[in-house]
Each structure stands twice: as C-alpha cells, then as structure tokens.
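Q: Questions regarding the structure given below will be posed in turn.
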Amino acid sequence: MNKADLIEELRTQNGFSRRQADQVVELFFKELTDSLAGGDRVEIRGFGSFFVKNYKAYTGRNPKTGKLVDVMPKKLPFFKCGKELRVRVDH
C-alpha cells in the first residue's frame, strides 16, 4: 500500500471527499515528521512507535578507494513494531 492507496481507502471507508482524505493523510504525516524532527517520540498504541536515534561521528572507510573518511554525526528515524501488530502479522 502506498500513500495514494491509503487516501483512497480513507475516502471509500469513511465517505470523505478525495480532498478531505488527502488533507487527513497529509496532516498525519506532517505532524509525525515534525515531532520526529523536534526530537520527540511518537507512539501509536497497538501499532508501534517512531523515534530518532543519534549516532556519533566516526571514521569510516570508503569501500571503493580504501581511504579513511570522517562520517559526521547524524540522526536517523526508526520504527519499533508494537506487540499487537507483530502478533497480527505473524498469524
């Protein structure tokens, strides 16, 4: 399922117009990304949680040339699956 499929499902199951369904999906993703960008954790009970991991700077190696490369510190978003979702997908 992609974003367009999600909008279509929201539209057909809830009687929203395409524009209303699009606004709901856009608002959800905007708030989710804004929260993560601000360093907050987002938890959706029964589904899972989104959080940001901080990585320190380190010295890596370019696999093509073998030269040492300084890798800058970074933040990456992660998703941890909730128990209910894990059980549902497993069965």
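Here, each number is a calculation from the coordinates, and none is a lab measurement. The shown structure was predicted, so the numbers you read here are calculated from the model rather than taken from an experiment. Cβ: placed from backbone, ideal geometry, glycine included. Neighbour counts: every protein chain shown.
Q: Restricting to Cα pairs below 8 Å that are 6+ residues apart, what does the relative contact order work out to for the chain? Please round to a whole percent.
A: Averaging sequence separation for qualifying contacts and normalising by length gives 21 percent for the chain.
Q: Also: Rounded to the nearest 20 debye, what is the charge dipole size of the chain about its Cα centre when +1 sits on each Lys and Arg Cβ and -1 on each Asp and Glu Cβ?
A: On the way: 18 positive and 12 negative charges, 119 e Å.
Once rounded to the nearest 20, the dipole reads 580 debye.
Q: Follow-up. Once you place label points 7 Å from the Cα toward the Cβ at residue 30 and residue 12, how far apart are they in nm?
A: 2.7 nm
Q: Assuming a strict under-15 Å limit between Cα atoms, what lysine pair count do you get for the chain once near-sequence pairs (fewer than 8 apart, same chain) are dropped?
A: Lysine pairs, 8 or more places apart or on different chains, close enough: 6.
Q: Rounded to the nearest 10 degrees, what's the angle between the helix 18-37 long axis and the longest principal axis of the chain, both from Cα atoms, 0 to 90?
A: Relative to the chain, helix 18-37 is tipped by roughly 30 degrees.
Q: Could you point to the residue in 21, 42, 59 farthest towards the positive end of the chain's charge dipole, with +1 and -1 charges on the Cβ of Lys/Arg and Asp/Glu respectively?
A: Farthest towards the positive end: 59.
Q: Let me ask something additional. Helix 3-14 sits at what angle to the longest principal axis of the chain, using alpha carbons and giving 0 to 90 degrees rounded to 10?
A: Between helix and principal axis, roughly 20 degrees.
Q: As a check on your grasp of the helix formula, calculate [θ] at 222 nm for the chain: sum -39500 (n - 2.57) over DSSP H runs of n ≥ 4, divide by the residue count, round to the nearest 500.
A: -14000 deg cm²/dmol
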